[in-house]
Amino acid sequence: MIKKKIGVFGGTFDPIHNGHLAMARALKLALGLDEMRLLPCHQPSHRQPAVSSCQRAEMAELAVADCEYLSVDSRELQRDDSSYSIDTLIELRAELDLDVGTDVSLTLCMGMDSLNSLSSWHRWQELLGCAHIAVVARPGTSLPESGELVPWLLEYGGSVDTINRRAAGSVAVFDLGLVPISATDIRSRISTNESIDSLVPDTVRYYIKEHGLYRSKNSI
């Protein structure tokens, strides 16, 4: 019997925004999680973030300061090389098994765009050995229709029920009806001195202004 359910939501958070927070909160509620942890990625293998790992983590901490339902797990910032989800999940699973026992459901949360690129991830076939995967549908994206992910999804497709009953091993897709917000758009707005008032928490907006991030020169 599952004793505890934990979700982890990784990303570059470059910068963290209200869309990230809404998705994390909605998934926590939909899955009935006991914890939802944000995992800032140190050195993503797919692209170079616009600001430092430390700054992205500090913005994440500011964003969740008043959110009782979210926390920040900064373990990936301790690594000297690229961050791989499989390494983080193996580490987390070992910690949870030691601290709580093997009856802990661990879920890696991601958007549909990340799912579609999953087969390019480092040791992606091993992810379900450590955790479930919860995927949030996004406008303009859909489940893969060809390639090795198609039979994989058919074999491991699950639901909230499987996440509640098992420690790992299934993929569940959710349509939460969230309004999409893009970090790329936010960085572009800052670089052209456009407002981002409704897109990020005020504490994050003040931090970006104070540190002059994303080439912002004037008030935002």
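The values are calculated or read from the model by the stated rules, or taken from the named source; none is laboratory data. Quick caveat, the model's predicted, so the values are computed rather than measured. Glycine gets a Cβ as well: all are built from the backbone with ideal geometry, and neighbour counts include every protein chain shown.
A few remarks follow.
- Evaluating V150 against the criteria (1) assigned to a helix (DSSP H, G or I); (2) of a type outside the set (G, A, S); (3) under 20 Å from the mean Cα position of the chain (by Cα) leaves one unmet condition, (3).
- Looking across segment 19-54, the residues that are assigned to a helix (DSSP H, G or I), more than 22 Å from H211 (Cβ to Cβ) and either in contact (Cβ under 8 Å) with a residue 60 or more places away in the chain or within 15 Å of the chain's Cα centre (by Cα) (or both) come down to A22, M23, A24, R25, A26, L27, K28, A30, L31.
- Restricting the first member to segment 143-170 and to residues that are charged (D, E, K, R), and the second to residues that are assigned to a loop (DSSP other than H, G, I, E, B), the beta-carbon pairs closer than 9 Å and six or more apart or on different chains are R165/M1; R165/I2; R166/I2; R166/G158.
- Selection from segment 57-87 of residues that are part of a helix (DSSP H, G or I), at pLDDT 90 or above and in contact with a strand residue (DSSP E or B) (Cβ under 9 Å, 6 or more places away or on another chain): A57, M59, A60, E61, A63, V64, R75, S85
- For first residues located in segment 111-139 and of a type in the set (K, R), partners that are in a loop (DSSP other than H, G, I, E, B) and at pLDDT below 95 and lie 6+ apart or on another chain with Cβ distances below 9 Å form the pairs R123/Y84; R138/L178; R138/P180.
- When residues of segment 161-185 are limited to those that are out of contact with any strand residue (DSSP E or B) (no Cβ under 6 Å at 6 or more places or on another chain) and in a helix (DSSP H, G or I), the one surrounded by the most Cβ atoms within 10 Å (Cβ to Cβ): A183
- Selected residue (only one of I6, I16 is among the β-branched types (V, I, T), touching a residue at least 12 places away in the same chain (Cβ under 8 Å) and part of a loop (DSSP other than H, G, I, E, B)): I16
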